[in-house]
There are 2 protein chains.
Amino acid sequence: MAAPPRTVQPARSVKRREDSLSRARILEASIELLDTCGEEGLTFRALSERLATGPGAIYWHVANKSDLLTAACDAILARTMDAVAITTPEATIRAVASALFDAIDKHPWVGSALTTAAVLSPIVRILEPIGQQVCALGVPDEQQWAAVSALMAYILGVSRQNAANGQLARTQGLDRSCFLASVSDAWSQLDASAYPFTRSAAGHIRDHDDRVDFLAGLDVVLRGIGSSRRRSHA
Amino acid sequence: MAAPPRTVQPARSVKRREDSLSRARILEASIELLDTCGEEGLTFRALSERLATGPGAIYWHVANKSDLLTAACDAILARTMDAVAITTPEATIRAVASALFDAIDKHPWVGSALTTAAVLSPIVRILEPIGQQVCALGVPDEQQWAAVSALMAYILGVSRQNAANGQLARTQGLDRSCFLASVSDAWSQLDASAYPFTRSAAGHIRDHDDRVDFLAGLDVVLRGIGSSRRRSHA
DNA sequence: ACACAACTAGAACGCCGTTCCATAATATTG
DNA sequence: CAATATTATGGAACGGCGTTCTAGTTGTGT
């Protein structure tokens, strides 16, 4: 009886031929493909060509495309979080946020993969360090979940939006500043009485730094966490 | 010379046959299809069958699938935002947030459509009312963007995650509580020393109300906005 | 009645994820 | 060392997708 394709490798105790496939090699090639060609560049055909094999062979090591994408996403997040130094609670949260923002900016596909991703591995990698630092801040137990979910939603939400904008700009063949200018123009031309805020935001959008704004918004959330903590201690 | 397919309708001045196609009819059918069959249920073939026509005919009224999805998303958001009553700034923000949470919970595909959506129409529908209320709160100009981006990231981020969880549960054929229980179990079985926070969160996850937690987190962000406003006035 | 534009419908194209299966490489057994 | 079972490979094939093409139909203006 032919065994069904392995999804989990049996710890490869013995050596096989030099050029043999492995989950690790497939993952590495997938990440390269995703980084160079974007999310729609990852296909089993392109992947098998790059690995000099057929599509069928890949399925021995990987369950399906979703499995592949989740694993690639997890690999990036693991590297990203490992590189974050732990210092003060607030500083560490800021460092985690910055690292995630940069990682998702560099690998935009991670943003969309996170939405689809199973709740298990990739999300937990982010949840755990943020949760630990929120605890270290002294947030009482019953408020921790709200604090952590606000932080995670903010960090991932803005990072994802930033990555999506970058991809949209690339699709239209514009660089960052041209893209921002075109959005700003479009917003300026909206009806003045119906869209006063969006029109006023158009000016700010034109030449802002996404990363600076991201950290400013993070401070807003952190202040919210700080003030509720103080309130409950009073 | 045959005109290229219309993407914008010429205001249909004269009547055509009763069963003629139109952008509105296509959009309506798309939303039904998305709601009943999920995001992958929207295909040009299924759509053309439901409309008793061929795939080609649809392309006369719609540029491509992305256009179709964005328009459907925009339609839902327009209805959602129109239904929100404007009262106190804080109460209105909470009402907008609640309405969006419920709309995305009911139409999970809106969540993912928003990620891809062109920055123009759908996002602006949300940006504008939130921005107006943040202004009404008295947040000074230079802090408005950080406040609004924090609110939007939080609201859309949590709503999207909630919708994604619902879809994941449906994929696995579990109802909400079974799904939460399985996540909670998985988190409980993580290594105690490496994942203390996630393990402690497992208990809370098990029988929480997403909507209640969502509003609690929203208050954290609102407090952050309030405290930074006070600080700058001091 | 005729010409021309607006619109329809379905066949066809190329690509996708996935499955199947004949075969090769390796491990295990007698 | 031969024989056999297991593990792994790769290419052909399937059904379905978004999209394009085009022959045809419906409606309008002259």
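Contact list please: Cβ distance under 7 Å, first residue in the range A:67-81 and more than 12 Å from A:His107 (Cβ to Cβ) and touching a residue at least 24 places away in the same chain (Cβ under 8 Å), second residue among the charged types (D, E, K, R) and open to solvent by 20 Å² or more (accessible area, probe 1.4 Å), pairs at least six apart or on different chains. So the pair list comes out as A:Ala78/A:Arg125; A:Met81/A:Arg125. A single member of A:Leu151, A:Leu168 is within 10 Å of chain B (Cβ to nearest Cβ), within 23 Å of B:Ser149 (Cα to Cα) and open to solvent by 20 Å² or more (accessible area, probe 1.4 Å), and it is A:Leu168.
Applying the condition of being at pLDDT below 95 and among the hydrophobic types (A, V, I, L, M, F, W, C) to the range B:95-123 and asking which residue is farthest from A:Val212 (Cα to Cα) yields B:Ala113.
Please determine whether any residue of the range B:94-108 is away from DNA strand C (no atom under 16 Å from the Cβ) and assigned to a loop (DSSP other than H, G, I, E, B). Yes, there is a match, as at least one residue in the range B:94-108 is away from DNA strand C (no atom under 16 Å from the Cβ) and assigned to a loop (DSSP other than H, G, I, E, B). Screening the range A:176-193 for residues that are more than 8 Å from chain B (Cβ to nearest Cβ) and outside any helix (DSSP H, G or I) and picking the one that is surrounded by the fewest Cβ atoms within 10 Å (Cβ to Cβ) gives A:Ser193.
For the range B:194-221, a residue qualifies if it is open to solvent by less than 30 Å² (accessible area, probe 1.4 Å), facing chain A (nearest Cβ under 7 Å) and of a type in the set (A, V, I, L, M, F, W, C), and the qualifying residues are B:Phe197, B:Ala201, B:Val220, B:Val221. Taking first residues from the range A:41-61 that are within 14 Å of another protein chain (Cβ to nearest Cβ) and touching a residue at least 40 places away in the same chain (Cβ under 8 Å) and partners that are assigned to a helix (DSSP H, G or I) and more than 7 Å from DNA strand D (Cβ to nearest atom), no Cβ contact under 6 Å between residues at least 6 apart in sequence or on separate chains turns up. Screening the candidates B:Ala52, B:Ala46, B:Ala11, B:Ala63 for the property of being modelled with pLDDT of 95 or more, more than 9 Å from DNA strand D (Cβ to nearest atom) and not β-branched (Val, Ile, Thr) yields one hit, B:Ala52. For the range A:73-83, the candidate set comprises residues that are away from every other protein chain (no Cβ under 14 Å) and open to solvent by 30 Å² or more (accessible area, probe 1.4 Å); within that set, the residue that is nearest to DNA strand D (Cβ to nearest atom) is A:Arg79. Elements of the type helices (runs of 4 or more DSSP H) sitting completely within the range B:35-87 and holding at least 1 residues that are more than 26 Å from B:Ala103 (Cα to Cα) and touching a Ser or Thr at 6+ places or on another chain (Cβ under 9 Å): these cover B:55-58. So, of the residues in the range A:39-72 that are more than 20 Å from A:Pro122 (Cα to Cα) and among the small types (Gly, Ala, Ser), which turns out to be surrounded by the most Cβ atoms within 10 Å (Cβ to Cβ)? This residue is A:Ser48.
The values are calculated or read from the model by the stated rules, or taken from the named source; none is laboratory data. All figures in this text were calculated on a predicted structure; none of them were measured in a lab. Glycine also receives a Cβ, built like all others from the backbone with ideal geometry; neighbour counts cover every protein chain displayed. What goes into the accessible areas is simple: the full protein's heavy atoms, side chains included, and nothing from ligands, DNA or RNA. Shrake-Rupley method; radii C 1.70, N 1.55, O 1.52, S 1.80 Å.
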